[in-house]
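The values are calculated or read from the model by the stated rules, or taken from the named source; none is laboratory data. All figures in this text were calculated on a predicted structure; none of them were measured in a lab. Don't worry about glycine lacking a Cβ; one is built from the backbone with ideal geometry, like all the others, and counts go over all protein chains shown.
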Amino acid sequence: MRNINLANLETAFWIARLGSFTAAAERLYTTQPAISARMRELEAALGVKLFVRVGRGVELTMEGRKFLEDAEPIFQQFEALTGSVNSAYASGGTVRIGAGNISMSWFPNMIREMQRIVPDLTYDVEIDLAGKVLQKLEVRKLDIAIVAGPVHGDKLSSAPLGYDRMLWVASAEFLTENWAGNLLEFLRTAPIWCVQRESFYWTEAMRIIMEGGGNPRHFNGISNMAAAHQIVLGGGGVGCLSSMLIRQDLEAGTLQLIPDLRQGGWVEFSVACVAESRKSKIISQIMDMAQASSTLKRQRD
């Protein structure tokens, strides 16, 4: 007999408790095909059929009932262990969060509220591009990701946080010195700053700037939008920046929209975790708190 996978054993118990593969998939934050695959593996390892279909649900076979009765102590120990881990998080532990610079405008509100609810919880926060953050999340080097752009893959579970718009801007000083009323002439010589090519919106941003007459030889990529903000604010050229990040600068007039240039598109933000992690109370709390704390627009204008 082959080794029995603990995840497959847990799955069998939830199918038996809930009466269907679909209900077990929802409880375990996975898909019905994944549940079916687990049961095929477990039945192959045991050499017996555990469930039979009855209408829209399933029933245990005689062999299935005997197996789960004998395995009940193991499952109870597993649940007790899971409960002890969740209890430990209630009084402490470290959560690893990956995020982008734009999220930092409202991220402190989320952390402050989490500190109130779970005062002994600590955080390791990593700032990086969305693609890199999601890669680390998939291999469980992070617990939570707050990212711009789409979240794909069966391994991940996500929730929407709202929208932000990317704007083409320059400092008032840079425009005074370089703008002569002609967008084409202006963009031929202006340094252009945008988040690096690995970013999902690099292509769209460059399409807009090329339409306006931007010179590819002057395109500069940067992995940190906060740094790009400072470069543009300091007169370093034209930047594709988050409207949320630069709101105060626009209101003060220190940054200004580039005249006659089509502005950037809307970017949707999400909070994500590994799908199976949604069973963790603390992970679910953080994802809920991220949604509640976000100051992003709930819909595009």
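For the range 132-158, give me each residue that is closer than 23 Å to R300 by Cβ and in contact with a helix residue (DSSP H, G or I) (Cβ under 6 Å, 6 or more places away or on another chain).
The answer is A145, I146, V147, A148, G149.
So, in the range 26-54, of the ones that are touching a Gly at 6+ places or on another chain (Cβ under 9 Å) and part of a loop (DSSP other than H, G, I, E, B), which residue ends up nearest to T11 (Cα to Cα)?
My answer is L50.
Identify all residues within the range 236-294 that are part of a strand (DSSP E or B), surrounded by fewer than 19 Cβ atoms within 10 Å (Cβ to Cβ) and among the hydrophobic types (A, V, I, L, M, F, W, C); write none if there are none.
L257, W266
If you go through the range 21-54, how many residues are over 18 Å from A71 (Cβ atoms) and crowded, with 19+ Cβ neighbours inside 10 Å?
The total comes to 3.
Considering only residues that are part of a helix (DSSP H, G or I) and in contact with a Ser or Thr (Cβ under 8 Å, 6 or more places away or on another chain), look in the range 92-105 and name the one that is surrounded by the most Cβ atoms within 10 Å (Cβ to Cβ).
I102
Show me the helices (runs of 4 or more DSSP H) entirely contained within the range 106-220 in which 2 or more residues are in the same structural domain as Q256 (by TED's automatic domain parsing).
Helices (runs of 4 or more DSSP H) meeting the threshold: 172-178, 183-189, 202-211.
In the set G237, G214, which member is on the phi > 0 side of the Ramachandran plot and of a type outside the set (F, W, Y)?
Result of the check over G237, G214: G237.
Quick test for you: out of R217, R298, pick the one residue that is surrounded by fewer than 14 Cβ atoms within 10 Å (Cβ to Cβ), more than 17 Å from N101 (Cβ to Cβ), modelled with pLDDT of 85 or more and not small (G, A, S).
After applying the criteria, what remains is R217.
Pairs under 8 Å by beta carbon, first residue touching a residue at least 24 places away in the same chain (Cβ under 8 Å) in the range 130-153, partner part of a strand (DSSP E or B) and surrounded by fewer than 16 Cβ atoms within 10 Å (Cβ to Cβ), six or more apart or different chains?
Pairs that qualify, where the first residue is touching a residue at least 24 places away in the same chain (Cβ under 8 Å) and the partner is part of a strand (DSSP E or B) and surrounded by fewer than 16 Cβ atoms within 10 Å (Cβ to Cβ), are V133/E126; K136/E126; L142/E126.
Does G162 satisfy the criteria of being among the small types (G, A, S), within 15 Å of G212 (Cα to Cα) and modelled with pLDDT of 90 or more?
The answer is no for G162.
Restricting to the range 184-202, what's the tally of residues that are buried (at least 16 other Cβ atoms within 10 Å of the Cβ) and either closer than 12 Å to N224 by Cα or over 19 Å from the mean Cα position of the chain (by Cα) (or both)?
Selection size over the range 184-202: 9.
Within the set of pairs 6 or more residues apart or between chains, which connect a residue that is assigned by TED's automatic domain parsing to the domain that holds S157 inside the range 13-27 to a residue that is at pLDDT 90 or above with Cβ atoms less than 9 Å apart?
none
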